[in-house]
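A.B. asks: The following block contains the structure, expressed as structure tokens.
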Amino acid sequence: MPSISVVIPLFNEAESLSELYEWIAKVMKENDFSYEIIFVDDGSRDDSWKIITQLGQQHPEVKGIRFGKNYGKSPALQYGFQKATGEVVITMDADLQDSPDEIPELYRMITEDKFQMVSGWKKKRYDPLSKTLPTKLFNATARAISGIKLHDFNCGLKAYHQSVVKNIEIYNDMHRWIPYLAKNAGFTRIGEKEVQHRARKYGTSKFGFSRFFNGYLDLFTLWFLSKFGKKPMHFFGFLGSLIFLIGFISVFVVGGMKIYCLHKGIQAPLITHMPYFYIALVSMIIGTQLFLAGFIGELITRNSSERNRYIVSETIG
């Protein structure tokens, strides 16, 4: 088993691959690490796969995975994690903005400081203001919701103990929230290291502004799943019961006003002219729907293969 697996997802990065390999190999040789490099080609349309094939033929430590089309960074990382065999797994981007010189210290933090995961922090960035300002807001929100004190959740340069990558599932665009996924899986020893950010040397950025909006949606999805993923009735049932109760009280208000008017001998307003009637109607319908949503969620959870999946870190006897 190699000491380190380097997983590199990529999309149209043909210009940088040979240079990146030489840099990684140099660092590994200087530190006497046993290693493997796993390039995951996410449906590139340039010569990326041709170069990976050549590197694999020349260097046995190089492995390659090619997707038939562009699925995204999360599936590429997930598949790379499945194939990784190293004690420590390190991820980095293929565009040379992440420095392989950080590998020895990241490895030390996992093996000696006993962190389960270490995330890079690009404190000094070479990105335009239109990217750095939303990123700061993005990370501040993530810290508040997840409770993980990291400055840069989305940094591609990260290190993991093998047990982490084998026990988390990355899907859709959840690669931005790997620290949160790790925490939800029970891996709480999460550290941070300030790393060098290099200006892009080749090509152009593959990310647009939409990733910030999608990132927020994914963050709240993870928050909900971490709190109520195995007990949806606790959320939908409580909320539905509360709204139904509001509607039920409104029914009593409507009835009480009718009885009061009859008792006083005055003409009561039509029910359809009273706002409480519509509050009661809408609240009771929405409350019932939310309660049923929780009930259906419980049925789905009960029949899920993941319902009793728990990570056991140690056993005795």
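The values are calculated or read from the model by the stated rules, or taken from the named source; none is laboratory data. These figures come from a predicted structure and were not determined experimentally. Quick reminder, even Gly has a Cβ in these numbers, built from the backbone with ideal geometry, and neighbours come from all protein chains shown. Note: accessible area is taken over every heavy atom of the protein model, side chains too, but ligands, DNA and RNA are not part of it. Shrake-Rupley method; radii C 1.70, N 1.55, O 1.52, S 1.80 Å.
A.B. asks: Long-range amide H contacts for E194: which residues qualify at under 5 Å (H placed 1.01 Å from N, peptide plane, sequence gap of 5 or more or a different chain)?
C.D. replies: W121
A.B. asks: Sticking with this one: Taking only C-alpha pairs under 8 Å that are 6+ residues apart, what is the relative contact order of the range 1-50 in percent?
C.D. replies: Normalised by residue count, the contact order of the range 1-50 is 60 percent.
A.B. asks: What's the magnitude of the charge dipole for the chain around its Cα centre, counting Lys and Arg as +1 and Asp and Glu as -1 at the beta-carbon? Answer in Debye, nearest 20.
C.D. replies: 1360
A.B. asks: In what order, largest first, do S163, S5 sit by accessible area if the probe radius is 1.4 Å?
C.D. replies: Sorted by accessible area, descending: S163, S5.
A.B. asks: Round to the nearest 10 and give me the degree value, 0 to 90, for the angle of helix 233-264's Cα axis relative to the longest principal axis of the chain.
C.D. replies: So the helix axis and the longest Cα principal axis differ by about 20 degrees.
A.B. asks: On average, how much accessible surface per residue is there in the range 1-131, in Å², for a 1.4 Å probe, leaving out ligands, DNA and RNA?
C.D. replies: Heavy-atom accessible area per residue stands at 45 Å².
A.B. asks: Measure off 7 Å from each Cα along the Cα-to-Cβ vector at A144 and M257, then give the distance between these two points in nanometres to one decimal.
C.D. replies: 3.8
A.B. asks: If I take every Cα pair under 8 Å that is 6 or more residues apart in the range 23-160, average their sequence separation and divide by the length, what percent do I get for the relative contact order?
C.D. replies: 24
A.B. asks: Rounded to the nearest percent, how much of the accessible area of the chain (1.4 Å probe, protein heavy atoms only) is carbon and sulfur?
C.D. replies: Carbon with sulfur: 59 percent of the solvent-accessible area.
A.B. asks: In percent, what relative contact order does the chain have, based on Cα pairs under 8 Å that are 6 or more apart in sequence?
C.D. replies: The normalised contact order for the chain reaches 17 percent.
A.B. asks: Projecting each Cα onto the charge dipole of the range 138-180 (Lys/Arg +1, Asp/Glu -1 at the beta carbon, about the Cα centre), which of I168, I178, A144 comes out farthest on the positive side?
C.D. replies: With unit charges placed on the Cβ atoms, the residue in question is A144.
A.B. asks: Modelling each spin label as a point 7 Å along the Cα-to-Cβ direction, I'd like the K26/R302 distance in nm, to one decimal.
C.D. replies: Between K26 and R302, the label points sit 6.2 nm apart.
A.B. asks: Please identify the longest segment of the chain free of exposed GluC sites (Glu not before Pro), where exposed means a DSSP state other than H, G, I, E or B and no more than 13 other Cβ atoms within 10 Å.
C.D. replies: Maximal segment without exposed cleavage sites: 170-305.
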